[in-house]
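See structure below.
The values are calculated or read from the model by the stated rules, or taken from the named source; none is laboratory data. These numbers come from a predicted model, not from an experiment. Cβ coordinates were reconstructed from backbone atoms using ideal geometry, including for glycine residues, and neighbour counts include every protein chain displayed.
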Amino acid sequence: MKFMPRKGGTMKVNRGEAAVAHAMPKRAALLAVCASMLACAAGLGCLQGCAPQATSEGASGSGQPQAAAASASVTLTDWTPETDCSTCHSTEATSRQDAACTASLHTSLQCADCHTDTTTLAKQHEGASSDDRMPSRLKQTTVDSSVCLGCHDQDEIAAESAACTALADAEGTTVNPHQLPDTETHGQIVCTDCHTMHEEQTDLQADAKAYCLTCHHADVFECYTCHEHS
Ligand code: HEC
Ligand code: HEC
Ligand code: HEC
Ligand code: HEC
Ligand code: HEC
Ligand code: HEC
């Protein structure tokens, strides 16, 4: 029987080479700031609550989601990474203001800096309307570890979490969350197996341990020692 994790990613945590994959989001973030300043200068509204009629222009993530939802509905003809996402995705836009969400530490990014599968997203958004039911999880795309590793260096985060004792099993074996034993099965583990982005995360350490237990059900970080399995 194959033992699967509670939720899985599709991409290996690619130590090393992935760090170069996404080396330019800083400039994109600067452009986003410039764009919002231009929007303010043009009188399009930059204060919270002053732009209830969201348009398809402007800086992603700004604006007042509740107000936007109440205003006239918007139907997309052409989705691009520059489309104002907050018109429709108010939950994710609001998560940027919530200190309990990791998204609040990433406000200088544009949404599409992490949601990089623009081909699939453009297809998925054909005819999308603000009246549609908004997704509560990713179904057709992923945010791969390579995106995260474009900014977070694997060796650096491993060094920072070297003293972390959250991942200790019943026998006292302690594992660094960013330096898991390099086994075949662990190769499928991705950043978002432990870290959430738009969802409040108040106990990351407990969430991380719970994730290990989805496979290490006996609270012992071993396999094949108590019984055989394939
Ligand atoms: C007019 C409303 C609207 C706008 C504007 C909009 N979206 Fe969406 N989005 C939707 C709807 C509706 C869905 C669900 C589509 C479906 O599953 O059929 C969706 C789905 C998604 C998903 C889920 C993908 C998956 O893997 O299933 C992501 C991510 C997403 N949008 C990101 C964005 C980003 C980033 C922007 C801005 C650049 C944006 N959206 C702008 C309506 C919108
Ligand atoms: C464009 C660059 C960029 C990308 C992409 C990015 N981050 Fe970040 N991240 C940052 C910055 C900047 C900070 C805030 C400064 C810091 O603490 O490192 C941060 C902070 C964090 C923190 C909190 C750090 C702390 O000290 O508490 C976590 C956790 C995190 N990011 C995880 C992720 C994950 C998971 C992904 C991928 C889904 C990701 N990041 C993608 C730049 C990025
Ligand atoms: C097995 C669960 C798990 C996975 C997978 C994971 N993290 Fe973490 N991460 C944690 C925990 C737990 C902490 C808190 C560490 C501490 O308290 O010292 C953390 C902390 C962080 C921090 C804050 C700095 C630090 O190292 O303490 C960043 C940034 C971060 N993670 C990014 C990432 C990125 C990027 C990935 C994917 C390459 C990733 N994490 C994969 C569990 C995980
Ligand atoms: C730092 C990377 C990052 C940024 C920036 C980011 N997202 Fe996400 N997004 C994720 C990750 C990772 C997930 C997977 C679910 C999770 O872990 O919370 C996700 C999930 C989603 C989903 C699926 C529903 C859900 O909440 O799980 C939508 C829709 C979405 N994001 C839209 C947006 C919009 C709109 C913005 C800009 C306001 C944005 N994202 C900015 C990383 C990011
Ligand atoms: C998807 C299932 C799965 C998840 C999730 C998982 N493991 Fe494992 N782990 C295994 C399997 C299976 C093995 C045995 C080696 C193999 O076949 O890959 C193993 C082996 C180990 C070992 C022994 C390694 C060795 O070299 O003998 C340790 C330690 C370990 N895991 C720690 C963890 C920790 C800590 C977590 C949580 C971050 C975790 N594992 C999450 C499946 C998993
Ligand atoms: C400390 C001993 C111990 C370790 C280590 C252990 N198991 Fe188990 N496992 C058990 C026991 C006892 C049972 C039977 C009782 C139960 O279901 O809890 C079991 C049952 C199972 C079953 C159900 C088997 C069936 O035929 O129904 C699976 C699947 C399984 N283990 C997978 C794993 C995997 C994968 C690992 C490593 C990630 C692992 N086990 C590590 C003790 C262990």
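Just one of the numbered conditions (1) modelled with pLDDT of 95 or more; (2) crowded, with 18+ Cβ neighbours inside 10 Å; (3) more than 16 Å from ligand 5 (Cβ to nearest atom) is not true of Leu109; which one?
If we test Leu109 against (1) modelled with pLDDT of 95 or more; (2) crowded, with 18+ Cβ neighbours inside 10 Å; (3) more than 16 Å from ligand 5 (Cβ to nearest atom), just (1) comes out false.
Could you list all residues from the range 207-230 that are surrounded by fewer than 17 Cβ atoms within 10 Å (Cβ to Cβ), away from ligand 4 (no atom under 16 Å from the Cβ) and not in a loop (DSSP other than H, G, I, E, B)?
The one that is surrounded by fewer than 17 Cβ atoms within 10 Å (Cβ to Cβ), away from ligand 4 (no atom under 16 Å from the Cβ) and not in a loop (DSSP other than H, G, I, E, B): Leu213.
Which ones in the range 188-216 are without any contact (Cβ under 8 Å) to a residue 24 or more places away in the chain and farther than 24 Å from Thr91 by Cα?
Ala210, Leu213
Go through the range 94-108 and count every residue that is within 21 Å of Cys191 (Cα to Cα) and assigned to a helix (DSSP H, G or I).
Our first condition is that a residue be within 21 Å of Cys191 (Cα to Cα); within the range 94-108, this holds for 95-96, 98-108.
Still in the list and also assigned to a helix (DSSP H, G or I): 95, 102-105.
Residues flagged as within 21 Å of Cys191 (Cα to Cα) and assigned to a helix (DSSP H, G or I) within the range 94-108 amount to 5.
Among the numbered conditions (1) free of Cβ contacts under 8 Å to residues at least 60 places away in the same chain; (2) of a type in the set (Ser, Thr, Tyr); (3) within 20 Å of His195 (Cβ to Cβ), tell me where Thr173 comes up short.
Here Thr173 meets the rest and fails (3).
Testing Leu167 on (1) within 6 Å of ligand 5 (Cβ to nearest atom); (2) out of contact with any helix residue (DSSP H, G or I) (no Cβ under 7 Å at 6 or more places or on another chain); (3) within 24 Å of Gln154 (Cα to Cα), one condition comes back false. Which one is that?
(2)
Could you pull out the residue among His125, His152 that is within 11 Å of ligand 4 (Cβ to nearest atom) and touching a Phe, Trp or Tyr at 6+ places or on another chain (Cβ under 8 Å)?
Details: His152 fails: touching a Phe, Trp or Tyr at 6+ places or on another chain (Cβ under 8 Å).
Going through His125, His152 in turn, just one is within 11 Å of ligand 4 (Cβ to nearest atom) and touching a Phe, Trp or Tyr at 6+ places or on another chain (Cβ under 8 Å): His125.
Output the residues belonging to the range 154-163 that are charged (D, E, K, R) and loosely packed, with under 12 Cβ neighbours inside 10 Å.
Kept after step one, since they are charged (D, E, K, R), are these residues of the range 154-163: 155-156, 160.
Matches in the range 154-163: Glu156 only.
Please specify each residue of the range 114-140 satisfying the condition of being closer than 17 Å to Thr91 by Cβ and within 13 Å of the chain's Cα centre (by Cα).
Within the range 114-140, Cys114, His115, Ser136, Arg137, Leu138 meet the criteria.
Here is a list: Thr80, Thr141, Thr94. Which entry is of a type in the set (Val, Ile, Thr), touching a helix residue (DSSP H, G or I) at 6+ places or on another chain (Cβ under 8 Å) and surrounded by fewer than 14 Cβ atoms within 10 Å (Cβ to Cβ)? Full working, then the answer.
Numbers: Thr141 fails: surrounded by fewer than 14 Cβ atoms within 10 Å (Cβ to Cβ); Thr94 fails: surrounded by fewer than 14 Cβ atoms within 10 Å (Cβ to Cβ).
So the residue among Thr80, Thr141, Thr94 that is of a type in the set (Val, Ile, Thr), touching a helix residue (DSSP H, G or I) at 6+ places or on another chain (Cβ under 8 Å) and surrounded by fewer than 14 Cβ atoms within 10 Å (Cβ to Cβ) is Thr80.
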